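Below is one structure, written out as structure tokens; comments come after it.
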Amino acid sequence: MANTVRAALVQTAWTGDKESMVKKNVKYARDAAAQGAQVMCFQELFNAPYFCQVQDDEHKDTAEAVPDGPTTQRMIELAKETDMVLVVPIYEKEDDGLLYNTAAVIDSDGTYLGKYRKTHIPHVNGFWEKFYFRPGNTGYPVFDTAVGRIGVYICYDRHFPEGWRALGLGGAKIVFNPSATSRGLSMYLWNLEQPAAAVANEYFIGAINRVGREEYGDNDFYGSSYFVDPRGQLVGESASDTDEEVIIRDLDLDVIDEVRKVWAFYRDRRPDAYDSLVAP
């Protein structure tokens, strides 16, 4: 019998306030669970607009504790209700002035397993993230969940191959990359980077993007969320580039072993030859 995981991604448009945004995503999660989904990832900063298009201190007040804040606690209850593993990207406040772009990982029984904090923080026009977030300090954790070992990499991280590889070395079988990426800047990379990372690291990737225009700035988020397998092939079609959508796909994890028997990338690595890559 195939070792199959039914996985879901959701791309949504900003509703205008946090409470209605959470409610909408909760509804999508329940719909996915009703279709048999076992794990689901929401988009970057899922309960907020992508406020990094401007620099305004008022947005810092929306950060919450993880896991003790109200949104994470609500998603813990949702995981229990739906029996799904949930990856929940949120603006995290650890202490005064210690703010992170974070994803909480919750097991299907509601157990909080831990968090990943976005490691690479951009600071360019329309993506003023260093104004809001400290660079992550969690390393690249891999979480043992009811559906197997999963990892998280967030948006801008995807441009850096080192974290993808660290997650593979940690045993990840599925890596989720929740994002907020806009049509003009990086759309040409969207269908290149994650398939290439899936091939290089021989695991499944779920790439999630926001959709629509928001009240801060002019960025047009183009959705197009998808799953890609270790051969670099899309699992089903990508989501719409204009509309909200939940995609649910069956991921055959046995494909990972099949690919690794053909391409022994982990065996043939040469870490002894890579010192210059991390030299100061």
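Bear in mind that the values in this text are calculations on the coordinates, not laboratory data. A quick note: this is a predicted structure, and the numbers were derived from the prediction, not measured. Heads up, the Cβs are rebuilt from the backbone with ideal geometry, glycines too, and the neighbour counts pull from every protein chain shown.
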Give me the residue from segment 173-232 that is part of a strand (DSSP E or B) and of a type in the set (A, V, I, L, M) and, out of that set, farthest from G163 (Cα to Cα). V211
Candidates D144, D56, D109, D68 - the one that is under 28 Å from D220 (Cα atoms) and not hydroxyl-bearing (S, T, Y): D56
Pairs only if they're at least six apart or on different chains, beta carbon under 8 angstrom, first in segment 118-132 and touching a residue at least 12 places away in the same chain (Cβ under 8 Å) and closer than 16 Å to Y216 by Cβ, second among the polar types (S, T, N, Q) and part of a loop (DSSP other than H, G, I, E, B); list them, first residue then second. G126/N219; W128/Q55; F131/Q55
Surrounded by 23 or more Cβ atoms within 10 Å (Cβ to Cβ) and farther than 27 Å from R149 by Cα, is that true of F227? no
Which of (1) within 16 Å of the chain's Cα centre (by Cα); (2) hydrophobic (A, V, I, L, M, F, W, C); (3) over 21 Å from N191 (Cα atoms) does V152 not meet, given it meets every other one? (3)
Which of the strands (runs of 3 or more DSSP E) contained wholly in segment 1-107 include at least 3 residues that are touching a Pro at 6+ places or on another chain (Cβ under 9 Å), crowded, with 21+ Cβ neighbours inside 10 Å and without any contact (Cβ under 8 Å) to a residue 40 or more places away in the chain? 98-106
Subset tally (residues that are under 11 Å from the mean Cα position of the chain (by Cα) and farther than 20 Å from A7 by Cβ) for segment 157-180: 1
For segment 123-135, how many residues meet the condition of being surrounded by 16 or more Cβ atoms within 10 Å (Cβ to Cβ) and more than 14 Å from Y91 (Cα to Cα)? 3
Only one of these is surrounded by fewer than 19 Cβ atoms within 10 Å (Cβ to Cβ), more than 12 Å from the chain's Cα centre (by Cα) and assigned to a loop (DSSP other than H, G, I, E, B): T138, T119. Name it. T138
